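Notes to accompany the following structure.
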Amino acid sequence: MSPTLAPFALERYFARHEFHTRHLLCTSDCESMSVGELLGLEEGAGEGLKRHWLGYTESTGSPSLRGEISRLYTSVGPEDVLVHAGAEEAIFLFMHAVLSAGDHVVVHEPSYQSLHEVARSIGCDIASWRAREEDGWALDSDELVRLLRPSTKAIVLNTPHNPTGFLMQPGDFRRVVRIAEERGIVLFSDEVYRGLEPDPSLRLPAACDAGPTAVSLGVMSKAYGLAGLRIGWVATRNAAVLARMASLKDYTTICSSAPSEYLAELALRHGEEIVERNRSIIAANLPVVSGLFARHPDRFSWVPPSAGPIAFPRLLGEEVERFCDEIVRRAGVLLLPGTVYGDGGNHFRIGLGRCGVPEAVAALEVALRA
């Protein structure tokens with residue numbers, strides 16, 4: 001019997017707490033906006049939405065939406081983009097399109113659970129390419145080479161990284177792309193936080209631009225803060241992978257919501273404005289969180305994020321699951337224990353991308369001093 005999918009620990013944790021906890025201090029997305037605020041970015045957008053047809057959309061995504069997505073890259077066109085229902089569907093379909101039982105997959109860890117669990121459920125052998133706190137959460141590309149086997153079919157990379165906020169250096173990134181291409185391995189690059197670098201000059205090229213067979217994952221949820229649209233995508237010049245994913249999509253969502261496609265396209269036309277707003281929120285929240293940890297060096301240690309809206313501090317002197325449970329009950333502040341990532345280092349995730357972070361930090365600090 002083939003393996004089955006394990007319960008998604010992070011999603012089950014949020015299902016218990018997210019919608020009835022006052023202060024969410026562990027969210028991985030950025031500040032969202034209302035439909036009215038989004039429509040207000042462009043004259044005539046509201047009337048356009050009213051006229052928008054509510055029939056089926058193209059399975060690959062509307063040509064105009066794929067056109068806007070392709071402008072995020074330098075070497076792909078609309079025909080190289082496949083739209084999905086968020087990033088999760090794209091991850092699921094990529095794994096099923098590329099992998100078979102017995103294949104070997106190297107995964108950047110700690111990781112969002114589906115980046116390794118879907119492959120494991122297919123029957124793949126997973127090797128952990130682990131980021132280590134003592135190295136500033138950096139990855140060792142020499143270790144990657146040692147992990148590879150003749151049966152390695154995919155390398156899964158995530159940068160900027162969830163949950164540590166690590167941004168790979170350009171030379172290391174280019175080496176990973178080159179290693180994958182030279183060995184005929186598909187690089188799956190989770191780039192959902194791309195654009196949230198504090199300095200745009202630090203931004204890495206997209207994997208789909210850096211390598212002809214690499215696959216880049218993007219979504220409206222994280223950098224844009226528009227999770228409710230449920231629009232994600234892959235971009236790749238790897239036509240064979242794209243075709244297999246498109247065929248499998250006929251068995252999942254078939255096509256996207258027409259209003260969501262319209263609103264996502266609108267958001268992407270104003271994408272830099274939206275992302276700049278979210279970069280500003282992160283920049284304002286970073287000293288607030290840094291101050292908290294500086295005032296409690298006996299309770300916490302951390303590596304500040306180099307990009308993106310999340311970080312992975314360590315709790316000192318007590319067990320992290322018990323601590324997170326106590327804080328949510330006593331202070332109404334939600335933190336995410338690192339155990340949902342399979343982390344045994346007593347870390348927890350903290351989010352910097354929403355406007356309510358100062359109030360959440362204040363509530364947490366009251367509880368710490370009680």
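Couple of notes before you dig in:
- Which numbered condition residue 27 misses (of (1) of a type in the set (Val, Ile, Thr); (2) surrounded by fewer than 18 Cβ atoms within 10 Å (Cβ to Cβ); (3) not assigned by TED's automatic domain parsing to the domain that holds residue 204): (2)
- Long-range neighbours under 9 Å by Cβ, at least six apart or interchain, first residue touching a residue at least 40 places away in the same chain (Cβ under 8 Å) and in the same structural domain as residue 210 (by TED's automatic domain parsing) within segment 234-262, second of a type in the set (Phe, Trp, Tyr) and surrounded by fewer than 22 Cβ atoms within 10 Å (Cβ to Cβ): 235/73; 248/92; 252/92; 254/56; 255/56; 258/53; 258/56
- Of all residues in segment 71-95, those that are farther than 20 Å from residue 230 by Cα have Cβ atoms under 9 Å from Cβ atoms of residues that are of a type in the set (Asp, Glu), 6 or more apart or on another chain, in 73/80; 73/209; 74/209; 75/209; 76/209.
- Which listed residue, of 120, 183, 203, 146, is of a type outside the set (Gly, Ala, Ser), under 27 Å from residue 306 (Cα atoms) and more than 19 Å from the chain's Cα centre (by Cα): 146
- Residues that are closer than 12 Å to residue 102 by Cα and free of Cβ contacts under 8 Å to residues at least 40 places away in the same chain, drawn from segment 132-154: 150
- Remark: pairs (first residue in segment 286-311, of a type in the set (Gly, Ala, Ser); second residue surrounded by fewer than 24 Cβ atoms within 10 Å (Cβ to Cβ) and in a helix (DSSP H, G or I); Cβ separation under 7 Å; 6+ apart in sequence or on different chains) = 307/202.
- In segment 195-219, the residues that are in contact (Cβ under 8 Å) with a residue 60 or more places away in the chain and part of a loop (DSSP other than H, G, I, E, B): 195, 196, 197, 198, 205, 206
- Residue in segment 158-175 that is outside any loop (DSSP other than H, G, I, E, B) and buried (at least 24 other Cβ atoms within 10 Å of the Cβ) present: yes
- Within segment 335-367, the residues that satisfy the criterion of being over 28 Å from residue 127 (Cβ atoms), touching an Asp or Glu at 6+ places or on another chain (Cβ under 9 Å) and surrounded by 24 or more Cβ atoms within 10 Å (Cβ to Cβ) are 351, 353.
- Selection of segment 225-245 for residues being in a helix (DSSP H, G or I) and of a type outside the set (A, V, I, L, M) yields 228, 244.
- Candidate set from segment 96-105 (those that are of a type in the set (A, V, I, L, M, F, W, C) and without any contact (Cβ under 8 Å) to a residue 60 or more places away in the chain); member that is surrounded by the fewest Cβ atoms within 10 Å (Cβ to Cβ): 99
The values are calculated or read from the model by the stated rules, or taken from the named source; none is laboratory data. These numbers were taken from a predicted model, which means no experiment stands behind them. Reconstructed Cβ throughout: ideal geometry from the backbone, glycine too, with neighbour counts over all protein chains shown.
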